Amino acid sequence: MIPIRDDQPAFSTPFVNYFLIGLNVLIYFFEAVLDPADLKLLLYQLGLIPSHVTALVGGGSAANPVAVLLPFFTSMFLHGSLFHVLGNMWFLWIFGDNIEDYLGHFKYLAFYLLSGFAAALTQVALTPYSHLPTVGASGAIAGVLGAYFVLYPKAQVLTWFPILFVFRLPAWVMLGYWFVVQFLSAGASSISYASQNSGGVAFWAHVGGFVAGLVLVKIVPGRPQRRPYGTW
């Protein structure tokens with residue numbers, strides 16, 4: 001299912017959301033002009049590699065801790081393909097403005113980064129020996145989706161089922177379906193990750209980010225003047 005637009009109004013300009021979208025796109029353009037060897041080096045240096053974190057925590061790594069831990073944040077601004085970055089930014093465009101409107105600019109940025117960190121931590125915890133770099137903003141964006149699920153469950157999302165039809169769904173249905181697919185896909189992908197020889201989508205990061213968003217939006221107070229309708 002692909003969201004086209006939602007009907008939940010925002011009452012402020014989402015400057016941080018615009019900044020995040022622009023930054024991710026600009027960084028992808030930088031990636032796109034690199035030759036394959038340099039791009040691979042960039043992804044392995046700034047992408048999150050679970051086995052490096054596991055080795056560091058276990059005391060068996062001689063690597064610089066900063067070099068191992070910094071990718072918890074740098075990885076969420078890298079993408080593996082044009083489709084990857086465009087898909088992520090589309091979801092952020094549709095759902096991020098309302099969460100920024102609810103939280104305020106600074107708290108939204110902190111919320112986004114914390115969701116991304118939680119997503120990366122989940123991926124490391126559940127694929128601890130993977131030697132492949134994990135990149136993408138989808139874990140942080142999953143946190144945004146989790147927050148939207150809590151705050152605006154009855155908002156209507158115009159949704160496209162490829163090749164089939166377009167119709168409106170309550171946000172809780174559309175996002176709930178998305179989460180279930182991610183969770184089931186994460187379970188199915190665990191066998192592939194266990195081999196350490198195949199890549200793929202970091203589904204556990206999606207699951208961890210979504211759950212983090214559900215929790216964080218209940219902890220971080222919204223701006224008093226923002227009253228979401230249909231709140232659970």
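Would you please name the residue that is nearest to ASP101 (Cα to Cα), looking only at residues in the range 149-178 that are among the aromatic types (Phe, Trp, Tyr) and touching a Gly at 6+ places or on another chain (Cβ under 8 Å)?
Among those that are among the aromatic types (Phe, Trp, Tyr) and touching a Gly at 6+ places or on another chain (Cβ under 8 Å), it is TYR152.
The set of residues in the range 36-45 that are surrounded by fewer than 19 Cβ atoms within 10 Å (Cβ to Cβ) and either of a type in the set (Phe, Trp, Tyr) or closer than 19 Å to ALA140 by Cβ (or both) contains only TYR44. Quick check on this structure: which one of PHE11, PHE73 is touching a Gly at 6+ places or on another chain (Cβ under 8 Å), within 25 Å of LEU92 (Cα to Cα) and open to solvent by 70 Å² or more (accessible area, probe 1.4 Å)? Criteria check complete, one pass: PHE73. SER138 falls short on exactly one of the conditions (1) among the hydroxyl-bearing types (Ser, Thr, Tyr); (2) within 13 Å of the chain's Cα centre (by Cα); (3) at pLDDT below 85, and that condition is (3). Residue count for the range 121-134 satisfying the condition of being out of contact with any strand residue (DSSP E or B) (no Cβ under 9 Å at 6 or more places or on another chain) and assigned to a loop (DSSP other than H, G, I, E, B): 5. Looking only at the range 15-35, residues that are under 18 Å from the mean Cα position of the chain (by Cα), of a type in the set (Phe, Trp, Tyr) and open to solvent by 60 Å² or more (accessible area, probe 1.4 Å) come to 2 in all.
Which residues, taken from the range 29-76, are of a type in the set (A, V, I, L, M), assigned to a helix (DSSP H, G or I), under 22 Å from THR122 (Cα atoms) and touching a residue at least 24 places away in the same chain (Cβ under 8 Å)? First the steps, then the outcome.
Just the residues of the range 29-76 that are of a type in the set (A, V, I, L, M), to begin with: 32-34, 37, 39, 41-43, 46, 48-49, 53, 55-57, 62-63, 66-70, 76.
From what is left, the residues that are assigned to a helix (DSSP H, G or I) are 32, 37, 39, 41-43, 46, 53, 55-57, 66-69, 76.
Pick out the ones that are also under 22 Å from THR122 (Cα atoms) and you get 43, 46, 53, 55-57, 66-69, 76.
Correct list: LEU43, LEU46, VAL53, MET76.
In the range 92-115, the count of residues that are within 17 Å of ASP6 (Cβ to Cβ), of a type in the set (D, E, K, R), out of contact with any Gly (no Cβ under 8 Å at 6 or more places or on another chain) and open to solvent by 10 Å² or more (accessible area, probe 1.4 Å) is one or more. Among the residues of the range 135-150, those that are in a helix (DSSP H, G or I) and open to solvent by 10 Å² or more (accessible area, probe 1.4 Å) comprise SER138, PHE149, VAL150. If you take the residues in the range 119-134 that are buried (at least 24 other Cβ atoms within 10 Å of the Cβ) and not β-branched (Val, Ile, Thr), which one is farthest from HIS79 (Cα to Cα)? If we take residues in the range 119-134 being buried (at least 24 other Cβ atoms within 10 Å of the Cβ) and not β-branched (Val, Ile, Thr), then SER130 is farthest from HIS79 (Cα to Cα). Here TRP172 fulfils each of the conditions (1) assigned to a helix (DSSP H, G or I); (2) more than 17 Å from the chain's Cα centre (by Cα); (3) buried (at least 24 other Cβ atoms within 10 Å of the Cβ) apart from (3).
The values are calculated or read from the model by the stated rules, or taken from the named source; none is laboratory data. The structure presented is a predicted model; accordingly, all values stated were derived computationally and were not measured. Using ideal geometry, Cβ is built from the backbone for each residue, glycine included, and neighbour counts are taken over all protein chains shown. Note: accessible area is taken over every heavy atom of the protein model, side chains too, but ligands, DNA and RNA are not part of it. Shrake-Rupley method; radii C 1.70, N 1.55, O 1.52, S 1.80 Å.
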